[in-house]
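This report concerns only the one structure given below.
The values are calculated or read from the model by the stated rules, or taken from the named source; none is laboratory data. Just so it is clear, the structure is predicted and the values come from calculations on it, not from any experiment. A quick note on method: Cβ atoms are made from the backbone with ideal geometry, for glycine too, and the neighbour counts reach across all protein chains shown. Just the protein is used for accessible areas: all its heavy atoms, side chains included, with ligands, DNA and RNA removed. Shrake-Rupley method; radii C 1.70, N 1.55, O 1.52, S 1.80 Å.
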Amino acid sequence: MTTQSQAQVTLSDLEQTQDFIRRHIGPDEAQTKAMLADIGAESIDALIDEIVPNDIRLADLPAIEESKTEVKALADLKAVASKNKVNTSYIGLGYYGTLTPNVILRNVLENPGWYTAYTPYQPEIAQGRLESLLNYQQMCLDLTGLDLASASLLDEGTAAAEAMALAKRVSKNKKSNAFFVAEEVYPQTISVVKNRAEFFGFDVIVAPAATVGEHDVFGALLQYPTATGEIVDIRPLIEAVQAKKGIVAVAADIMSLVLLKAPGELGADVVIGSSQRFGVPMGYGGPHAAFFTTSDKYKRSMPGRIIGVSKDTRGNQALRMAMQTREQHIRREKANSNICTAQVLLANMAAFYAVYHGPQGLKTIANRIHRLTDILCLGAATKGLQAIHANYFDTLTFNTENKTEIVARALAADLNLRTDVDGQISVSLDETTTREDVAALFDVLLGEGHGLDVAELDAKIVDCGHSSIPAELVRESEILSHPVFNSYHSETEMLRYIKKLENKDLALNHSMISLGSCTMKLNATAQMIPVSWPEFANMHPFAPVDQAQGYAEMIGELDKWLVELTGYDAVSMQPNSGAQGEYAGLIAIHKYHQSRGEGHRNICLIPSSAHGTNPASAQMVGMKVVVVDCDKNGNVDMADLKAKAEEMAENLSCIMITYPSTHGVYEETVREICEVVHDNGGQVYLDGANMNAQVGITSPGFIGADVSHLNLHKTFAIPHGGGGPGMGPIGVKSHLAPFLPDHPLINVKEGTQGNDAVSAAPFGSAGILCISYLYIAMLGKKGVTDSTKYAITNANYLAKKLSEHFPILYTGANGRVAHECIVDMRPLKEASGITEMDVAKRLMDYGFHAPTMSFPVAGTLMIEPTESESKVEIDRFIEAMVCIRDEIRKVEQGEWTVEDNPLHNAPHTLADITDAGWDRAYTVAEAVFPVPAAAANKFWPTVNRIDDVYGDRNLVCSCPSIDSYKD
Ligand SMILES: *Cc1c(COP(=O)(O)O)cnc(C)c1O
């Protein structure tokens, strides 16, 4: 090492200590050099030249800004955020002010132990979040009065659309093709449902709820309480639909359910809604979890993921995702829905909110909201302003001729009312509302000098014993009686409960999670910080746009950058996940064909290697999936593609391809694929999940595709949250731009007016866009491009090292891989009986999360290290894999039997090694400390291998009783 004297160092050199790029990218210079030597490449650029086909290489760095330091980027974004004017919101419509308990804010939302985990596909190292999700399901069951719950859907609008799809699947009214949506449902929900119905080919009837009995429908959607706040006894309506064998879904407000009779008790077949107001900030629309409950008899038709109770090999209770819902889209075009990434982090927050407050706390909160609403109602009535409904929970609607003055007074007092209905205003109160707020609302509604006093009105209400909740709709059933909701009400207890669960889960803050296709890269702390800034967190999605200028600027800038990085012309931020992006993109394609009088085009070509969400999404827009073969190298079989495209040219709508392919290879023929499809009248949907191998060096637009989704929770650093949130914006070429989603309450883009929405909120989960914004701002044009190059370098180093011990399934022209590689376990299974599952579980004993298992090829592991892992960590992973190879060899050679070996018995727990009768063919040390690195940073799986079959045969999706823990 050379030492420079102070005088020889320039200021620029000194300033490099602040450079974020070197914090984001794992390998340093020396490590990079060593890796390149092993790979056998001169330099990173020489390696990239070998790998990425020349005809798709971009000549220049992308035209975005230079990188900023963390300090500068945060300061600049703070200035942007401060352009948001956060009024107190009484808009309601599914989004409410809420008080996130600080113990949850800091220890869940802001805690990498929770936010960097992955979807719990490996349940033995995910028991913490599985327990919390089970709590979520239990909470939803109690509040809705049904017996099967999932965790969770993307938002209330899409949950309603999923309820419609379920109704069609299970309704015995097979001859009807109509779905009824009550006029009283939230406008954004109606828009999302109409959009979904159009492509399923259902007729939607939107009419007053009271008329539902006049229609012959396979299903109906009601809102409880209604959008204007009324509590209606929906029993007769439900009975009327069910009498004609229709299915009734009820969109319910979760806080009101604490006091109201559960929709399940009123006869509803499905209950959906948002759990946002249980402690999850509004975030200008999201992310929030939506709940979905139904009856056990519809379990095979359930959308989304169900957490179920099973047992492990020791017979102990253990949790897992039930009934293949862990990979529901594995059923491809036969899947119930295309949901993949959901809203796990937010479902967990809501569940913790219920755990922390408990049944009594929630009742107090709900009663307080309701009392303040009573006071507001009574006071206004005394002064001649009568709410239009006598029965309400938290929302009052007034017909008024003074709307203009009231709205002006509201804005002057920094508060927002609901104003989208002519001649009406509505006011929705929430947990944050205080006496002072109600007094201020009197001033706004009545003008000053009304002389009303909150305490006096309160006394009057107590005296007269009046109730604005009809007696027959007052809840009598218990809620949250399970011990978990009655044990952690002090902050100390709560803190420890959160920590106890966190400790059971392996997240990125413990070790590398090399899940191929999922891109588990660094989620930098600086990128996370603005998520909880009040300027971003507390904005209602339907606030007047002039109050959301900070959001507009941030989203606009991110939009511009994504346009540049994708090579497209326009971006829509609305889809809440990659799969929703696919759905939105396919809609754009279909509407484009329609606009040219070619609406009959309905064939979607999908290579056999595609992710399951691709065919699941195609099915949702009514397309017919035709599978294109792959050749023995894993590439799209060009002859098969040409033959099918030509044969089906008449009806070809599009192709969905992934690039680099899901096999981790840059197909040389990608431009030709685009040409063949275009020549036959089709459009090209390029699944952007693998953008981490494209950014800065090529782009979907440049390659010739028409539309792509981006998984911002993969390439652009939004953390996976243990299974969500995510964001799946789509980029399109200009000819598809007019067909991007819009929103009934906020116009999101010039030229899209009138298009229906794909999500409940105009900009999807806008509250987490700041993460991707800062990711790009802090890396700049060079950093984002370097990230791609290092992702490829790390993958090739890993592939090279592992190839000495395992077959690597697919490689490109020069024997290289892209940003991920597939290790083939099938030959070893053949020779030893050890499966890819055994290897996945054994990695836990070494302190690692398994790579992606059996996708895209059964019997394989797909590994994606990302640019953020250093050589040290990658070497640790390689060491684990090599040691596992040696263990397999011992089985092959008969030193260990197929049953009695550390792979078959993995993962190992403390219960195993403290068992007095350890009599295995290998030692305790071999079991749990197989290498020194594992011993030095030991992660203990809390359960043994979980029995999948048992869990599916005995589906339990609620919290087990305490007794069941004893036996
Ligand atoms: C992750 C992924 C998707 C789905 O994205 P979600 O955000 O989980 O809905 C689609 N295609 C591929 C190739 C993926 O890896």
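Tabulated data for the structure shown
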item: Qualifying positions in region 952-962 - outside any loop (DSSP other than H, G, I, E, B) and either loosely packed, with under 14 Cβ neighbours inside 10 Å or at pLDDT 85 or above (or both); result: R953, I962
item: Filter result for S608 (assigned by TED's automatic domain parsing to the domain that holds E675, within 16 Å of the ligand (Cβ to nearest atom), surrounded by fewer than 19 Cβ atoms within 10 Å (Cβ to Cβ) and more than 23 Å from the chain's Cα centre (by Cα)); result: yes
item: Helices (runs of 4 or more DSSP H) contained in region 120-219 and holding at least 1 residues of a type outside the set (D, E, K, R), open to solvent by 10 Å² or more (accessible area, probe 1.4 Å) and within 26 Å of N503 (Cα to Cα); result: 127-144
item: Failed item in (1) assigned to a helix (DSSP H, G or I); (2) open to solvent by less than 30 Å² (accessible area, probe 1.4 Å); (3) more than 16 Å from the ligand (Cβ to nearest atom), with E535 passing the rest; result: (2)
item: Residue identified as among the aliphatic types (A, V, I, L, M) and out of contact with any Ser or Thr (no Cβ under 7 Å at 6 or more places or on another chain) among L146, L153; result: L153
item: Any helices (runs of 4 or more DSSP H) falling wholly within region 1-109 and containing at least 3 residues that are not basic (K, R); result: 11-15, 29-39, 44-51, 70-81
item: Residue list for region 22-34, restricted to those being of a type outside the set (D, E) and out of contact with any Asp or Glu (no Cβ under 6 Å at 6 or more places or on another chain); result: R22, R23, H24, P27, A30, Q31, T32, K33, A34
item: Those strands (runs of 3 or more DSSP E) lying entirely in region 247-342 with at least 3 residues free of Cβ contacts under 8 Å to residues at least 12 places away in the same chain and polar (S, T, N, Q); result: none
item: Test for H904: is it more than 28 Å from the chain's Cα centre (by Cα) and open to solvent by less than 30 Å² (accessible area, probe 1.4 Å); result: no
item: Single condition Y592 does not satisfy, out of (1) away from the ligand (no atom under 16 Å from the Cβ); (2) surrounded by fewer than 24 Cβ atoms within 10 Å (Cβ to Cβ); result: (2)
item: Close pairs from region 688-717: first in contact (Cβ under 8 Å) with a residue 12 or more places away in the chain and of a type in the set (V, I, T), partner within 16 Å of the ligand (Cβ to nearest atom) and in a loop (DSSP other than H, G, I, E, B), Cβ under 6 Å, at least 6 apart; result: T715/T519
item: Subset of region 725-760 that is of a type in the set (D, E, K, R) and more than 23 Å from the chain's Cα centre (by Cα) - its residue that is farthest from the ligand (Cβ to nearest atom); result: E750
item: Only listed residue being touching a residue at least 40 places away in the same chain (Cβ under 8 Å), closer than 27 Å to D76 by Cβ and open to solvent by less than 10 Å² (accessible area, probe 1.4 Å), chosen from A766, A757; result: A766
item: Some residue of region 670-684 being more than 12 Å from the ligand (Cβ to nearest atom) and under 23 Å from the mean Cα position of the chain (by Cα); result: no
item: Candidates V181, V217, filtered to the one that is of a type in the set (V, I, T) and touching a Leu at 6+ places or on another chain (Cβ under 6 Å); result: V181
item: Scope region 384-404; condition in a loop (DSSP other than H, G, I, E, B) and either open to solvent by less than 40 Å² (accessible area, probe 1.4 Å) or outside the structural domain of R418 (by TED's automatic domain parsing) (or both); matching residues; result: L385, H389, F393, D394, T400
item: Long-range neighbours under 9 Å by Cβ, at least six apart or interchain, first residue without any contact (Cβ under 8 Å) to a residue 60 or more places away in the chain within region 638-656, second open to solvent by less than 10 Å² (accessible area, probe 1.4 Å) and among the hydroxyl-bearing types (S, T, Y); result: I655/Y685
item: Hits in region 685-711 - residues which are polar (S, T, N, Q) and within 16 Å of the ligand (Cβ to nearest atom); result: N690, N692, Q694, S708, N711
item: Check on I587, within 14 Å of the ligand (Cβ to nearest atom), crowded, with 22+ Cβ neighbours inside 10 Å, touching a residue at least 12 places away in the same chain (Cβ under 8 Å) and not in a loop (DSSP other than H, G, I, E, B); result: no
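Yes/no matrix, rows are residues, columns are (1) over 20 Å from E478 (Cα atoms); (2) buried (at least 20 other Cβ atoms within 10 Å of the Cβ):
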| residue | (1), (2) |
| --- | --- |
| T228 | yes, yes |
| L237 | yes, yes |
| K245 | yes, no |
| S256 | no, yes |
| A268 | no, yes |
